[in-house]
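To keep things clear, I will list the structure first and then write my remarks on it.
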Amino acid sequence: MLIQMIEFKDCKNQIQTDVEDKIVHFICCLRNNGQVLSEYLLVRIENGYKLYVETPKADSLESCFDSKYVKKYREILSEIFTITVTQIGVNAVSREYCSCGTKTSIEMQTFANDIDSVFTCCTCGKPIALYELPYLDRQDDHWAIVNWQETFCATDTLWLDSLSDRFTGNQLVKVNSALNKNGREIANEMSQKTGLKCYYNIFDDLTKKVKFTKVNNKTVRICPSCDKAMLHVKFCNNYERYVCDSCMLSSDIPKIEPLNAK
């Protein structure tokens, strides 16, 4: 991820009282299109503002990726300010995003406090910038995906902070919960839009009696949807999963041997 500065300067007209609201709306539209991540810093300067944002890639703020909502507020702000973009540098504690020309399959996964894209390239194991992916049906940006991610992260955080609350735990673990059904619908539609396999990663909480079995003396997980053994697939270095191609589900590989493997 990169830190970039968007500077709004040389005000062309007298600054309007609601100009900061317009900039915040611009940020929200960028966020809902996956062009920036959730954290930002808006600084007042003489005759303008400096906006510091995290972007997935160097080209994230180029207008060719704008949704119709980003385009609307970019045009509104361009009538008030001269807008320039400057790359500050790479966030040293962030992940690099996918730049693969061809992808074999993708995975949808998120967790508490996650700010990266929910989609991972199975070819390189890196997150995929949302604005590089097609919109879902009846959507003009990626708001539905961003909203699902925020809901999942909030549920995961609440489950962790409430000492394993039963309702939030069931929403995360049960494959047919409202939260997971919504996520699986998004993953299925993204698969149809891209023509790629899109696995939906199911939440792994081994205290919830996740089922395992032995196949050729190797431990594999039982798919929670069809009750069949999942395949152990190594997509690339340090990126391997259990997958069920029938249900398009994936699962992390436990770091320790499960006690209930039979």
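Structural remarks
- Of the criteria (1) closer than 20 Å to residue 128 by Cβ; (2) open to solvent by 10 Å² or more (accessible area, probe 1.4 Å); (3) in contact (Cβ under 8 Å) with a residue 40 or more places away in the chain; (4) part of a helix (DSSP H, G or I), which one residue 64 fails: (3)
- The number of residues in the stretch 216-233 that are in contact (Cβ under 8 Å) with a residue 40 or more places away in the chain and under 25 Å from the mean Cα position of the chain (by Cα) comes to 2.
- Test: residue in the stretch 182-189 that is without any contact (Cβ under 8 Å) to a residue 40 or more places away in the chain and either assigned to a loop (DSSP other than H, G, I, E, B) or of a type in the set (A, V, I, L, M, F, W, C) (or both): no
- Residues located in the stretch 228-262, provided they are more than 16 Å from residue 105 (Cα to Cα), at pLDDT 90 or above and open to solvent by less than 100 Å² (accessible area, probe 1.4 Å): 229, 230
- Taking the criterion of being in contact with a helix residue (DSSP H, G or I) (Cβ under 8 Å, 6 or more places away or on another chain) and surrounded by 14 or more Cβ atoms within 10 Å (Cβ to Cβ), the residues of the stretch 112-131 that qualify are 112, 114, 117, 118, 119, 130, 131.
- Filtered by the rule that a residue be farther than 17 Å from residue 210 by Cβ and either of a type in the set (A, V, I, L, M) or in contact with a helix residue (DSSP H, G or I) (Cβ under 7 Å, 6 or more places away or on another chain) (or both), the stretch 165-190 gives 165, 168, 178, 179, 182, 183, 186, 187, 190.
The values are calculated or read from the model by the stated rules, or taken from the named source; none is laboratory data. Bear in mind that the values here come from a model prediction, so they are computed numbers and not experimental data. Virtual Cβ from ideal backbone geometry, glycine too; neighbours counted across all protein chains shown. These area figures cover heavy atoms from the full protein model, side chains too; ligands, DNA and RNA do not enter into them. Shrake-Rupley method; radii C 1.70, N 1.55, O 1.52, S 1.80 Å.
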